[in-house]
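Here is the structure we will look at, set down as structure tokens.
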Amino acid sequence: MCDEIGVPLAHDKTIPPSTVLTYLGLEINTIEMTVKIPFEKLTKLKNNLCLLLNRKKCTLKELQSLVGLLNFCTRAIPPARAFNRCLYDAMCGLTKHFHKVRINNEMKEDIRMWLLFLDIFNGVLSYDIYR
């Protein structure tokens, strides 16, 4: 029909009907009613968190990158948003990407909590519409 009325379609971006769709970087499953963080992003996040947990300092750029990934993941794990506050506070007042940020105990506790959330929820949020 689109061809008949002259609407251009990008066939490389067109997919057939499916119950599992990756949209804006998240996997949406309409049968299970879940939103899931893709495995690659979940693995990358866990590795970054473990690396940061074992360090005493990091650059502002590294911390901003990690917080950006954590913020993305809160779309699938909303309760974890509370554990970004210390990381945001550590970035306040720093302007240059090479500035060093000291990773204090509060930040490490938040990182541990994120790792716990990722293990328990495995990056999946279930929407049960019948409850």
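The values are calculated or read from the model by the stated rules, or taken from the named source; none is laboratory data. Since the model is a prediction, treat every value here as computed from it, not as a measurement. When we count neighbours, we look across all protein chains shown, and the Cβ atoms used for this are built from the backbone with ideal geometry, even at glycine.
Identify, from the list 55, 81, 85, the residue that is modelled with pLDDT under 95, exposed (fewer than 15 other Cβ atoms within 10 Å of the Cβ) and assigned to a loop (DSSP other than H, G, I, E, B).
55
Per-residue answers, yes or no, for (1) touching a strand residue (DSSP E or B) at 6+ places or on another chain (Cβ under 7 Å); (2) more than 20 Å from residue 106 (Cβ to Cβ); (3) surrounded by 10 or more Cβ atoms within 10 Å (Cβ to Cβ):
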| site | (1), (2), (3) |
| --- | --- |
| 13 | no, yes, no |
| 41 | no, yes, yes |
| 51 | no, no, yes |
| 60 | yes, no, yes |
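So which residues in the stretch 88-127 are surrounded by 13 or more Cβ atoms within 10 Å (Cβ to Cβ), aliphatic (A, V, I, L, M), under 25 Å from residue 25 (Cα atoms) and at pLDDT below 90, if there are any at all?
Once the filter is applied, which keeps residues that are surrounded by 13 or more Cβ atoms within 10 Å (Cβ to Cβ), aliphatic (A, V, I, L, M), under 25 Å from residue 25 (Cα atoms) and at pLDDT below 90, the stretch 88-127 yields 118, 124, 125.
Starting from the stretch 63-76, take each residue that is under 17 Å from residue 43 (Cβ atoms) and list its partners that are crowded, with 20+ Cβ neighbours inside 10 Å, counting only C-beta distances under 6 angstrom and pairs at least six apart or across chains.
Final answer for the pair search is 69/45; 73/37; 76/37; 76/123.
Which members of the stretch 1-25 meet the condition of being assigned to a loop (DSSP other than H, G, I, E, B), in contact with an Asp or Glu (Cβ under 9 Å, 6 or more places away or on another chain) and closer than 30 Å to residue 74 by Cβ?
19
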